[in-house]
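Report on one structure; see the data block that follows.
The values are calculated or read from the model by the stated rules, or taken from the named source; none is laboratory data. Bear in mind the structure is a predicted one, so any value in this text is a computation, not a measurement. Every residue, glycine among them, receives a Cβ derived from its backbone with ideal geometry; neighbour counts consider all protein chains shown.
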């Protein structure tokens, strides 16, 4: 797997956010009460890359992505989308981004079709384009037959897919997807991967968070490992994993692996 | 195991208090209110002891029956008032049925309603203290009756929770089951009139209730006091038999619920119908308006306020002395309530609000969209509700003043709500919950915002209110027309200012708004 734009992230000085990267995060930090959720995260998502953000539960992935997309105000640090500061020029930055947040509700009393239309109209797109793209997205995500069903009655995987459609409607330059494959069935997941791959080939950039290492290793060209609110390693997949698989490398970095000695009673024979 | 379930309930209660100070204050206020009620109840019951046994019996049987009825009806109305020990959550554990039942009954007593009922029932011993045998009977019967209350309420909850698998049922039930409570006032008024109309009415009612499962246990001590132990035994038997049947039914439905996970039947529907989205302009504010209007119909939390407005008219007609009295003010009152209805709009969105944030909707578009959705139906509704009562009462000469007051309230209130919903958030029923469900430890901030908001609204509409009073005192038509003029102009100005201020606040603080609403989950 080679990255279409193999610009190493260390090109820019660590203090100066990159102007060319699709997403450039510098020193983002957030504290909730006594708990430091994100502790100075630096990330470079090169333009045209398929970037995986991996980390154990509670590592600060969602918090980082929320701050990078303008949903959560950071205590420190900056986030730039194609050179536009998310917190200084939010409207301009948000036009460039498509966001699939994790763990938020949707306006689920709308039908699937209405929800995607709503997302398009909120972006100020015209009615014809919205209608055309909504139809295309529903078809691509295999939701056409449920377009008129209320989102509240959707299954978890369908809900994820309709949220993804809402994030894609305005053809953003950068896609920020938090756990896009959670509870999505294998066929739909493969379809989504195809959509994302061709999106990247056509010049778009994607950052996905996930804890499925195998998926990230196959799908992404760049990866960052994050734990306890800090970046442990970042770069191309091959740089980060070296000789090992990404999963082994991840466990090395994050630690906390128990040996299989325990639970001796949990044996059926 | 029973002790475990009890401890679980206590831990849940304690942890729910730890979440925020505002919630804690709310619970303390609720507790103080409960304590006050309890003190009132207990002293009343103690004093009742010195009354004539016949009167004691009448009051206890009617009051007791109402208590049992309350325990049965309220959980349906508030669909899942206390689901902390929801049987569905025990599906994967192998708890023996007998212990699960006992644990759930005791768990049901933990909490303000359970404790108040229990203490009140035990106080009956003091009420009957002049008749020792009756006091002893009261102790046994009181405890049995409390268990009956909890079991009946649990039975109803379990039976309903089997139905609530379907979202549509939940939506409709949340509104419909509340209606009897809404008319509680007139019902009690009717009963009170019955009591006053014929002195024997209460006694007769008690006689009937004493033979029903609702009142039998409460009547038994009175029979003992009246020297009729045989009758008392029969009443206790009625009560015990009821309890046995309820426990049997409950354990049946519980074991059924434990092996039948909730299933939501879904019908596939193809698209093609965009509803309001194809009727409003294809702009961000038009889209917000279309979405909000869709929610007024589809979300039971909003639809409930729509149902309540015509009911309010009926209620005012019934209790306000027909067409001439309070009924004439239906228009202004409805306008006031409708305008206030969007004051918690962002809280109602909950985290779905993040879509507005990530799409970068401007505060102006967001505020205008929500206000427009309200005005689209609230304006005609206000006009109709203002004109109709005056037509019925043949008081059309009052139309200008009433219209001025109603429109003043509507515009002023919409402006104020547009500002408040962007500025303050508080815990509201979550999406999908009943409109009348009080969120856990309904907090202090909510009361402050609600009452503060109403006060500010009355202040902002003070010119219209003063002019209305002057009109009715002086009877001069001029003041009527002045009210209309001020209502439309001043109201319009407050509307514009409110939307602008709310929009500015939204533009600056939208991420903080999202954070605030995401705490309510």
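How about region B:269-292: which of its residues are under 18 Å from residue A:150 (Cα atoms), within 9 Å of chain A (Cβ to nearest Cβ) and in a helix (DSSP H, G or I)?
Hits for region B:269-292 are B:275, B:276, B:277, B:278, B:287, B:288, B:290, B:291.
How about region B:298-385: which helices (runs of 4 or more DSSP H) wholly inside it have at least 3 residues that are closer than 30 Å to residue B:484 by Cβ?
Those helices (runs of 4 or more DSSP H) span B:300-319, B:330-340.
Check region B:223-244 and report whether any residue there is farther than 19 Å from residue B:68 by Cα and under 29 Å from the mean Cα position of the chain (by Cα).
Scanning region B:223-244, I find no residue that is farther than 19 Å from residue B:68 by Cα and under 29 Å from the mean Cα position of the chain (by Cα), so the answer is no.
Consider residue B:491 against the criteria (1) assigned to a helix (DSSP H, G or I); (2) in contact (Cβ under 8 Å) with a residue 12 or more places away in the chain; (3) within 14 Å of chain A (Cβ to nearest Cβ): it satisfies all of them except one. Which criterion is unmet?
(3)
Looking at this structure, is residue B:369 in contact with a helix residue (DSSP H, G or I) (Cβ under 6 Å, 6 or more places away or on another chain), without any contact (Cβ under 8 Å) to a residue 60 or more places away in the chain and more than 30 Å from residue B:317 (Cβ to Cβ)? Explain how you work it out, then say what you get.
Working: in contact with a helix residue (DSSP H, G or I) (Cβ under 6 Å, 6 or more places away or on another chain): yes; without any contact (Cβ under 8 Å) to a residue 60 or more places away in the chain: no; more than 30 Å from residue B:317 (Cβ to Cβ): yes.
For residue B:369, the condition - in contact with a helix residue (DSSP H, G or I) (Cβ under 6 Å, 6 or more places away or on another chain), without any contact (Cβ under 8 Å) to a residue 60 or more places away in the chain and more than 30 Å from residue B:317 (Cβ to Cβ) - is not met.
From B:245, B:240, B:208, grab the single residue that is surrounded by 15 or more Cβ atoms within 10 Å (Cβ to Cβ) and either within 26 Å of residue B:159 (Cα to Cα) or modelled with pLDDT of 80 or more (or both).
Only one candidate qualifies: B:240.
For region A:183-204, enumerate the residues that are in contact with a helix residue (DSSP H, G or I) (Cβ under 9 Å, 6 or more places away or on another chain), buried (at least 16 other Cβ atoms within 10 Å of the Cβ) and touching a residue at least 60 places away in the same chain (Cβ under 8 Å).
Hits for region A:183-204 are A:196, A:204.
If the requirement is being more than 20 Å from residue B:424 (Cβ to Cβ) and crowded, with 23+ Cβ neighbours inside 10 Å, which of these qualifies: B:372, B:394, B:335?
Being more than 20 Å from residue B:424 (Cβ to Cβ) and crowded, with 23+ Cβ neighbours inside 10 Å holds for just one of B:372, B:394, B:335, which is B:335.
Looking at region A:66-96 only, could you name the residues that are at positive phi and free of Cβ contacts under 8 Å to residues at least 40 places away in the same chain?
Correct list: A:70 only.
With the requirement that a residue be within 7 Å of chain B (Cβ to nearest Cβ) and either closer than 15 Å to residue B:295 by Cβ or in a loop (DSSP other than H, G, I, E, B) (or both), what does region A:103-116 give you?
The answer is A:104, A:105, A:106, A:107, A:108, A:109, A:110, A:111, A:114.
Would you check if residue B:341 is away from every other protein chain (no Cβ under 14 Å), over 25 Å from residue B:432 (Cβ atoms), buried (at least 19 other Cβ atoms within 10 Å of the Cβ) and in contact (Cβ under 8 Å) with a residue 60 or more places away in the chain? Walk me through how you get there before you give the answer.
Values: away from every other protein chain (no Cβ under 14 Å): yes; over 25 Å from residue B:432 (Cβ atoms): no; buried (at least 19 other Cβ atoms within 10 Å of the Cβ): yes; in contact (Cβ under 8 Å) with a residue 60 or more places away in the chain: yes.
When the stated conditions are applied, residue B:341 does not pass them.
When you scan region A:135-153, how many residues do you find that are more than 8 Å from chain B (Cβ to nearest Cβ) and touching a residue at least 12 places away in the same chain (Cβ under 8 Å)?
Counting residues in region A:135-153 that are more than 8 Å from chain B (Cβ to nearest Cβ) and touching a residue at least 12 places away in the same chain (Cβ under 8 Å) gives 6.
With respect to residue A:212, is the statement that it is under 16 Å from the mean Cα position of the chain (by Cα) and in contact (Cβ under 8 Å) with a residue 12 or more places away in the chain true?
yes
I need the full set of residues from region A:117-134 which are in a helix (DSSP H, G or I) and either in contact with a helix residue (DSSP H, G or I) (Cβ under 8 Å, 6 or more places away or on another chain) or facing chain B (nearest Cβ under 8 Å) (or both), in order please.
Answer for region A:117-134, where residues must be in a helix (DSSP H, G or I) and either in contact with a helix residue (DSSP H, G or I) (Cβ under 8 Å, 6 or more places away or on another chain) or facing chain B (nearest Cβ under 8 Å) (or both): A:117, A:118, A:119, A:120, A:121, A:122, A:127, A:129, A:130, A:131, A:133, A:134.
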